[in-house]
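> Below you'll find the structure I mean.
Read the figures in this text as sums done on the coordinates, not as results from a lab. Here the structure is a predicted model, which means the values were calculated and not measured. Neighbour counts are summed over all protein chains in view; Cβ atoms, including those assigned to glycine, are modelled from backbone coordinates with ideal geometry.
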């Protein structure tokens, strides 16, 4: 069992025999139709239709409470759907996080998935991928391998979480607010790694607070408000409509 203060094992530490499997670019990897999601009997997200294809970054944006995290938690299998369908890699509609991970999904939650009492090296070894690949993505971690996870900086912790997830070469990466509280230069490095993974064939579903930066690496964008998608379209198009999005759908001006 993890020591006090350690997180529940993140999705990318579950053994899987299906990671690294590639599919043709443009193939739908994750899909949902008329999805209703929430907690107990309370629906937070309603009537969501979404497709994420191999080689594509789909970005979800919206104000706090819009339903972004609930959407990711449901599509990753951490929370069961209340209605509609959600399919990934042949998994049954209500497949849990463990089953979806075995099918090739990596989930990077909002909370940093680092075991604080373990070294950086041992945190990487918990993943199903090759630690050397994570270090190729984020070489800044190399001199920090002997340092306990809890003593790493916030940026290093998130490089560790994302590097471990991408080292398994997943079919699908689901990432929630991974840049929360980080410096812009670190955010840029994380987003570049996400874009590189998509270019290598991974399907990516991303929630990101640094909307302007994220638009630079995204292919498709959905703007959520009060649990529903209000605007959807290509990232290049929505990048020209930031003023409209800021004024109408976000509680705070995007950065």
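> What is the percent of Cα-Cα separations in the stretch 20-131 that go past 16 Å?
Values: 4013 of 6216 pairs.
Looking at the stretch 20-131, the distances longer than 16 Å represent 65 percent of pairs.
> Here's another thing I want to ask about it. Assign one of three labels to the stretch 88-154, namely rounded, prolate or oblate, based on the Cα gyration tensor with a ≥ b ≥ c the square roots of its eigenvalues; rounded applies when a/c is under 1.5, prolate when it is not and a/b is larger than b/c, and oblate otherwise.
Prolate shape, in that a/c is at least 1.5 and a/b is the bigger ratio.
> May I ask you to work out the translational diffusion coefficient for the stretch 80-126 at 37 °C, viscosity 0.692 mPa s, via Stokes-Einstein with Rh from the Kirkwood sum over Cα pairs, reported in whole µm²/s?
254
> To continue, here is another question. Quote the Stokes-Einstein diffusion coefficient, in whole µm² s⁻¹, for the stretch 139-236, based on the Kirkwood radius over alpha carbon pairs, a temperature of 4 °C and a viscosity of 1.567 mPa s.
89
> Arrange the following residues from fewest to most other Cβ atoms within 10 Å of their Cβ: 156, 99, 208.
Ranked by crowding around the Cβ, least crowded first: 99, 156, 208.
> Averaged across orientations, what area in nm² does the convex hull of the alpha carbons in the chain project?
12.7
> With a ≥ b ≥ c the root eigenvalues of the C-alpha gyration tensor of the stretch 28-92, is it rounded (a/c under 1.5), prolate (a/b larger than b/c) or oblate?
Oblate is the answer for the stretch 28-92, as a/c is 1.5 or above yet b/c matches or exceeds a/b.
> Using a Gaussian network model of the chain with C-alpha springs under 10 Å, which one of 155, 84, 227 is most mobile by mean-square fluctuation?
Answer for the Gaussian network model of the chain: 84.
> Could you identify which residue out of 105, 178, 213 has the top mean-square fluctuation in a GNM of the chain using Cα springs shorter than 10 Å?
Sorting by GNM fluctuation, first place goes to 213.
> Extending each Cα 7 Å along its Cβ direction at residue 239 and residue 212, get the distance between those two points in nm, one decimal.
Inter-label distance under the simple model: 1.3 nm.
> Ok, one more. Can you compute the helix-only [θ] at 222 nm over the chain? Use -39500 (n - 2.57) per DSSP H run of at least 4 residues, normalise by all residues, nearest 500 deg cm²/dmol.
Counting only the DSSP helices, I get -8000 deg cm²/dmol.
> When the chain is fully extended, how far beyond the present Cα-Cα distance does residue 51 get from residue 196, taking 0.36 nm per residue of separation?
Full extension of this stretch gives 50.2 nm more.
> Under a GNM of the chain (C-alpha, springs under 10 Å), which listed residue has the highest mean-square fluctuation: 42, 223, 128?
Sorting by GNM fluctuation, first place goes to 42.
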